[in-house]
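*Asks:* Please find one structure pasted underneath; my questions will follow.
Every number here is computed from the coordinates shown, using simple stated rules; none is lab data. Note that the structure is a prediction, hence the values are computed from the model and not measured. No Cβ is skipped: glycine too gets one built from the backbone with ideal geometry, and neighbour counts run over all protein chains shown.
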Amino acid sequence: MLNRFLGIVGNASEHGLSVDHMLEVCHWFMLILAVGWSSYLAIALFRFRRVKNPKADYHGVTGNASSHAEFALVLIEAALLLGFALPLWGKRVVDIPEQGEALRVRAVGEQYAWNYHYTGPDGVFGKQNAAFVSSSNPLGLDPSDEAGKDDVVSKNELFAVNQKPIVLEITSKDVIHAVSIKHMRIAQDAIPGTKVPMWFRPIKAGKYEIVCAQLCGAGHYAMRSHLIVDSQEKFDEQIKELSAMQHPAVAASPAQ
Ligand SMILES: [Cu+2]
């Protein structure tokens, strides 16, 4: 309820529910803190006003109570961070769904577009080499590599299957970009030379905006693409269509 008031877009991913819950709890907590500290300030201003306290007290608090309270606070925060936050984060980024149960797509940023690379039916990404990069081969797929013959690349449109986890291997061809899909409650920097996996499970079919969340140059504002979540059949159709366009020879062969 508070999230909607704050203008946060609707959630469409499985883990997004917990992100929203966390956001909501944090905001309510911040509100309580703001009211608490503001009241404390008002009380202090009134209680230590000059009329009542013409001479300053240079010693202040002499007891140990506040030191103990601060030490306890440090312990509680350390327990929250080491005992809960880090293990949960580790689980999220280490336990990535296996190849069989998830859709694997490479997201490659460039000034100013996103290329999405699919394995095709063989489930293997073709070899890439910067020497092969051209306008018709934006990812430099090696034409002699068998695994790459059925690979499909889509520009600025990422296709995903509803209810099926998708693992994005994120990288960049030039500068640092970032994939941010607000509706899926995820974001990850795209760093040249590395492939960072990021995953989520869409739970609602639809078309969602993907924006570059890292200021990457003069055209950064226009670096947006779309995530299209649909049924497995629609997804297969879409990939087939792209494949027919990109590999006319393969599409025409009777073996396919
Ligand atoms: Cu960018």
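*Asks:* Just want the answer: with Cβ charges of +1 for Lys and Arg and -1 for Asp and Glu, which residue in VAL175, SER135, MET245 is farthest toward the dipole's positive end in segment 103-252?
*Replies:* Value: VAL175.
*Asks:* Magnitude of the Cβ-charge dipole of segment 103-252, K/R +1 and D/E -1, about the Cα centre, nearest 20 debye?
*Replies:* 560 debye
*Asks:* Can you tell which of ASP145, ASP189, ASP20 shows the greatest fluctuation in a Gaussian network model of the chain with Cα springs below 10 Å?
*Replies:* Taking springs between Cα atoms under 10 Å, the residue moving most is ASP145.
*Asks:* Tell me the volume per residue, in Å³, of the convex hull enclosing the alpha carbons of segment 130-200.
*Replies:* About 117 Å³ per residue, rounded to a whole number.
*Asks:* Relative to the compact-globule scaling 2.2 N^0.38 Å, provide the ratio for the alpha-carbon radius of gyration of segment 103-252.
*Replies:* Taking N as the residue count of segment 103-252, the ratio is 0.99.
*Asks:* Another question, then. At 7 Å along the Cα-to-beta-carbon direction for both TRP28 and ASP57, put a label point, then send me their distance in nm to one decimal.
*Replies:* For the pair TRP28/ASP57, the computed spacing is 3.7 nm.
*Asks:* Measuring from label point to label point, each 7 Å out along Cα→Cβ, what is the LYS127 to ALA218 span in nm?
*Replies:* About 3.8 nm separates the two model spin labels.
*Asks:* Testing the spin-label approximation: label points 7 Å from Cα along Cα→Cβ at SER18 and LYS91. State their distance in nm.
*Replies:* 0.5 nm
*Asks:* May I ask you to compute the full-extension gain from TYR40 to GLN232, defined as 0.36 nm times their residue separation minus their alpha-carbon distance, rounded to one decimal in nm?
*Replies:* 63.4 nm
*Asks:* Let me ask something else about it. Can you give the longest run of the chain that contains no GluC sites (Glu not before Pro) sitting in a DSSP loop with at most 16 other Cβ atoms inside 10 Å?
*Replies:* Formally, the longest exposed-site-free interval is 102-256.
*Asks:* With +1 on each Lys and Arg Cβ and -1 on each Asp and Glu Cβ, and nothing else charged, work out how big the dipole of the chain is about its Cα centre, in Debye to the nearest 20.
*Replies:* For this selection, approximately 1500 debye.
*Asks:* Ok, one more. Just for the chain, what percent of DSSP beta bridges are antiparallel, to the closest 5?
*Replies:* Looking only at bridges with both residues in the chain, the antiparallel portion is about 70 percent.
*Asks:* Go ahead and run the numbers for FRET between ALA72 and PHE5, Cβ-Cβ distance against an R0 of 45 Å, rounding to 0.05. Kindly include the intermediate steps, with their values, before the conclusion.
*Replies:* Working: r = 34 Å, r/R0 = 0.75.
The pair ALA72/PHE5 has a calculated efficiency of 0.85.
*Asks:* Distance between the C-alpha centers of segment 66-92 and segment 178-245? Whole Å please.
*Replies:* 34 Å
*Asks:* Towards the positive end of the charge dipole of the chain, with charges on Cβ (+1 Lys, Arg; -1 Asp, Glu), say which of LEU227, PHE48, LEU82 has the farthest Cα.
*Replies:* The residue sitting farthest along the positive end of the dipole is PHE48.
*Asks:* Turning to a different aspect of this structure: Going highest first, how would you order 172-181, 42-51 by mean Cβ packing within 10 Å?
*Replies:* 172-181, 42-51
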